[in-house]
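Right, one structure below, let's go through it.
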Amino acid sequence: MTRKSHRVLPGFGLSLGYSLVYLSLLVLIPLGALIARSAQLSLADFWAIATTERAFAAYKITFGCALIAAIVNGVFGLIVAWVLVRYDFPGKRLVDAFVDLPFALPTAVAGITLTTLYASTGWVGQFLEGVLGFKVAFTPAGIVVALIFIGIPFVVRTVQPVIEDIEQEVEEAAASLGATRGQTFFRVLLPALFPALLTGFTLAFSRAVGEYGSVIFIAGNMPMVSEITPLLIISKLEQYDLPGATVLAVVMLVISFVLLLAINLLQWWTANRHSGRHIENGVQA
C-alpha cells in the first residue's frame, strides 16, 4: 500500500501553472513585447541607434559605475557582515537596522539626501571639494556613491548567514596549525564565503544597472559625461522617440543577460570546485 504524501501547497501541475502565468505577466510578455517592437526596425536602423556616440557614453557610465559600486560593496559589505556577526558592541542592533535602510527609503529621497550631503555646500561635499579638491555631486563619482548606497544591503544580507554558519573553531584550528591571519582568511574562510559573496555582488550589480531614482539627482545628467542609460531612455520617451528608447532598452537587456550569465557560470564553477575540495578532503581523511 503506497503512502500518499501530504503537501501544504497545491499539486505540481497547479503550482507550475500559477508560476508560469505569474512570470509571463510580469516578465516574459513585457520582454517579448520589447523585443518584438525592436524587431520592426531594420538591422541597419537598429545598429545606427544603438551605436551613437551618446549611447556609447551612457553605456560606459552605466555599466562602469555599476561595476565599481558592486566591487566596493563586495569588499565593505563583507566587512560589515563580519563585524555584525563576529562582534558584540553597543548599538549593534541599530547598525544592523541601518543596513536595511536603502530598502525602505524611496530612491528619490535617497538621491536628494545624497545630493544635499555631497554638493559643494553640503556637509561632506564642502570638505571633499574644499580640502581635497575632489568633486562628487554632479559627476560620475556621485553616481558611484548613489549606487553604493542602494547596493550595500544585498551583499551584507547575502553574506551574513554564511558567516554565521562558519564556526569560530575553524579559525582557531587554522591558527593552531600555524596559519597567519591572512592565510586563514584567504585559504580557509574566503573559499567558503566566495559563492555567497559573488551572489551579493551580482544582486548589487543588477540593481545598480537599472537604478534611476537615486542617481538622477546627484549625477548632473550631462550628456557624454554623467548621463546614465535609463535616463537616456526616459529622454527619448519624452521626445516620443519610441524606437530609440526600445533599441536602448534591448541593448541594456542583452548586455545585462550576458554579464549575469557569465557571473552565474563563475558562481557555479566556484561552488562545484569548493564542494569538490570538501569531498576530496573527506576521502583523504
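Does the range 223-243 contain at least one residue that is touching a Cys at 6+ places or on another chain (Cβ under 8 Å) and either in contact (Cβ under 8 Å) with a residue 12 or more places away in the chain or under 20 Å from residue 31 (Cα atoms) (or both)? Within the range 223-243 (the criterion being touching a Cys at 6+ places or on another chain (Cβ under 8 Å) and either in contact (Cβ under 8 Å) with a residue 12 or more places away in the chain or under 20 Å from residue 31 (Cα atoms) (or both)), the answer is yes, since at least one residue qualifies.
This table checks each residue for (1) assigned to a helix (DSSP H, G or I); (2) touching a Phe, Trp or Tyr at 6+ places or on another chain (Cβ under 6 Å).
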| position | (1), (2) |
| --- | --- |
| 88 | no, no |
| 115 | yes, yes |
| 121 | no, no |
| 128 | yes, yes |
| 134 | no, no |
| 137 | no, yes |
| 169 | yes, no |
| 174 | yes, no |
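Apart from one condition, residue 235 fits all of (1) modelled with pLDDT of 90 or more; (2) under 20 Å from residue 114 (Cα atoms); the exception is (2).
Of everything in the range 102-130 that's in contact (Cβ under 8 Å) with a residue 12 or more places away in the chain and of a type in the set (A, V, I, L, M, F, W, C), which residue is surrounded by the most Cβ atoms within 10 Å (Cβ to Cβ)? Restricting to residues being in contact (Cβ under 8 Å) with a residue 12 or more places away in the chain and of a type in the set (A, V, I, L, M, F, W, C), the top hit is 114.
Evaluated against (1) more than 22 Å from residue 200 (Cα to Cα); (2) under 23 Å from the mean Cα position of the chain (by Cα), residue 150 falls short on exactly one condition, (1). Screening residue 227 against (1) of a type in the set (D, E, K, R); (2) closer than 19 Å to residue 57 by Cα; (3) modelled with pLDDT under 90 leaves a single unmet condition, (3). Within the range 199-257, the set of residues being surrounded by fewer than 15 Cβ atoms within 10 Å (Cβ to Cβ) and outside any helix (DSSP H, G or I) comprises 210, 222, 223, 224, 225, 239, 240. Pairing residues of the range 67-89 that are under 20 Å from residue 171 (Cα atoms) and acidic (Asp, Glu) with residues that are part of a helix (DSSP H, G or I) and modelled with pLDDT of 95 or more, at Cβ distances under 7 Å and at least 6 apart in sequence or on separate chains, gives no pairs at all. Candidates in the range 1-53 are the residues that are closer than 14 Å to residue 251 by Cα and charged (D, E, K, R); of these, the one that is modelled with the lowest pLDDT is 37.
The values are calculated or read from the model by the stated rules, or taken from the named source; none is laboratory data. None of these values were measured; they are calculated from a predicted model. Cβ sites come from the backbone with ideal geometry, for glycine too, and all protein chains shown count toward neighbours.
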